[in-house]
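Take this structure, written in structure tokens, and hold onto it; I'll ask about it next.
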Amino acid sequence: MLVEDLKLILKVAEFRSITTAAAKLDMRSATASAAIKRVEAALGTELFVRTTRHLRLSAAGERFLPQCQQAIAMLEQATLALKGEHDEIEGELRVALSSDLGRNMIIPWLDELLDEYPKLSLRPHISDSNVDFYRDSVDFALRYGSPSDSNLYGFKICNVPRILCATPDYLAKHGMPKHPNDLKQHQGLFYQLQDIINNVWDFTDGTERFKVKMQGRRASNDGDLVRRWCVAGKGLAVKSCIDISDDLLNERVIPVMQDYPHLCAELWLICPSRQSITPAVRLVRDICREKTKAILNQLIEKGILDKRVLDN
């Protein structure tokens, strides 16, 4: 049994809720449920009695919990006794990054880390394709969207609104769209993944959703190239507010149709196993949270985003 799984058992027993315990331990509910099943399978008995509304310890769980607490306490004391040289941030950061986010945001942040921690090294895997942790030899990834596989471990970094944007020159020549229906007369700049062009854009006014199939002559599987086309005035693009934040803050591009926002995404740090969550990876997580929060606050101050984007 994994120690982290046992710590989760204690949290679930404390809060009588898998969802609350998962939130306290910075993991997804699906991951927490899978961990409980692993422990119960190893013990050959159920530790919790679950109903649609309530969760409580079973008789076996009542017997197991005190000894589990003692075992965790002894392990933590032994760990504290070994504190010192082993706490140093070191190792190789083998990370998968998307092209735009990776090149223009994450890599500069990681370079700062390497300057501060001389025993760290960096091996980024830059690609907009879906990562395969084993084929691509990476230990963690920074990606938009929460992990769909309950066997993966993830930390949410922040909410990331997608923003429809274009240059002032492009809008002066072609007009400022006010409603999703106005987009049909504009040139779209498209992101393409596995030969599928994302030319259907989804907007909402809070009550109704609008899907628009755009026309356009430019599409690429490289998100950074799509951003460069947008900054060059070639058309309208839907971009992550993080990816295009510098262009928005310096008014190289401006947000369009803010009354009809595109659906919001999330940025996650994803690991294939708990063993991959090293002190260095946790440090990357914390720095990404700090840096992205600062960017979101700048966009809020400029009136591009609503402050509710900071809500988890």
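The values are calculated or read from the model by the stated rules, or taken from the named source; none is laboratory data. Model, not experiment: these values are computed from the prediction. Quick reminder, even Gly has a Cβ in these numbers, built from the backbone with ideal geometry, and neighbours come from all protein chains shown. Heads up: the accessible areas ignore ligands, DNA and RNA and are worked out on the full protein's heavy atoms, side chains in. Shrake-Rupley method; radii C 1.70, N 1.55, O 1.52, S 1.80 Å.
Please enumerate the residues belonging to segment 262-295 that are farther than 21 Å from residue 122 by Cα and touching a residue at least 12 places away in the same chain (Cβ under 8 Å).
262, 263, 264, 265, 266, 293, 295
Can we say residue 227 is among the basic types (Lys, Arg), surrounded by 20 or more Cβ atoms within 10 Å (Cβ to Cβ), touching a residue at least 24 places away in the same chain (Cβ under 8 Å) and in a helix (DSSP H, G or I)?
yes
While we're here: Would you say residue 42 is in a helix (DSSP H, G or I) and open to solvent by less than 50 Å² (accessible area, probe 1.4 Å)?
When the stated conditions are applied, residue 42 does not pass them.
Name the single residue that is surrounded by the fewest Cβ atoms within 10 Å (Cβ to Cβ) among those in segment 242-281 being assigned to a helix (DSSP H, G or I) and at pLDDT 95 or above.
So the residue we want is 249.
Another question, if that's okay. Name the single residue, out of those in segment 1-33 being among the basic types (Lys, Arg) and not in a helix (DSSP H, G or I), that is least open to solvent (accessible area, probe 1.4 Å).
This residue is 28.
Could you figure out which of (1) at pLDDT below 85; (2) touching a helix residue (DSSP H, G or I) at 6+ places or on another chain (Cβ under 7 Å); (3) assigned to a helix (DSSP H, G or I) isn't true of residue 78?
With (1) at pLDDT below 85; (2) touching a helix residue (DSSP H, G or I) at 6+ places or on another chain (Cβ under 7 Å); (3) assigned to a helix (DSSP H, G or I) applied to residue 78, the lone miss is (2).
Tell me, which strands (runs of 3 or more DSSP E) lie completely within segment 125-215 with 1 or more residues that are open to solvent by 40 Å² or more (accessible area, probe 1.4 Å) and over 29 Å from residue 92 (Cβ atoms)?
Hits in segment 125-215: 162-166, 187-193, 200-204, 209-213.
Can you pull out the residues in segment 47-65 that are surrounded by 16 or more Cβ atoms within 10 Å (Cβ to Cβ) and not hydrophobic (A, V, I, L, M, F, W, C)?
Listed by number, the list holds a single entry, 61.
Before we move on, is residue 62 of a type outside the set (A, V, I, L, M, F, W, C), in a helix (DSSP H, G or I) and closer than 30 Å to residue 116 by Cα?
Considered against the rule, which asks whether it is of a type outside the set (A, V, I, L, M, F, W, C), in a helix (DSSP H, G or I) and closer than 30 Å to residue 116 by Cα, residue 62 comes out as no.
Tally time: how many residues in segment 184-202 are without any contact (Cβ under 8 Å) to a residue 60 or more places away in the chain and within 32 Å of the chain's Cα centre (by Cα)?
The total comes to 13.
Hey, another quick one. Have a look at 103, 94, 143 and point out the one that is modelled with pLDDT under 95 and over 27 Å from residue 231 (Cα atoms).
94
Working only within segment 91-122, note down all residues that are over 30 Å from residue 237 (Cβ atoms), charged (D, E, K, R) and either open to solvent by less than 30 Å² (accessible area, probe 1.4 Å) or not in a loop (DSSP other than H, G, I, E, B) (or both).
Across segment 91-122, the qualifying residues are 92, 94, 115, 116.
Right, here's the next one. What's the total number of residues in segment 194-229 that are at pLDDT 95 or above and under 27 Å from residue 289 (Cβ atoms)?
So the count comes out to 2.
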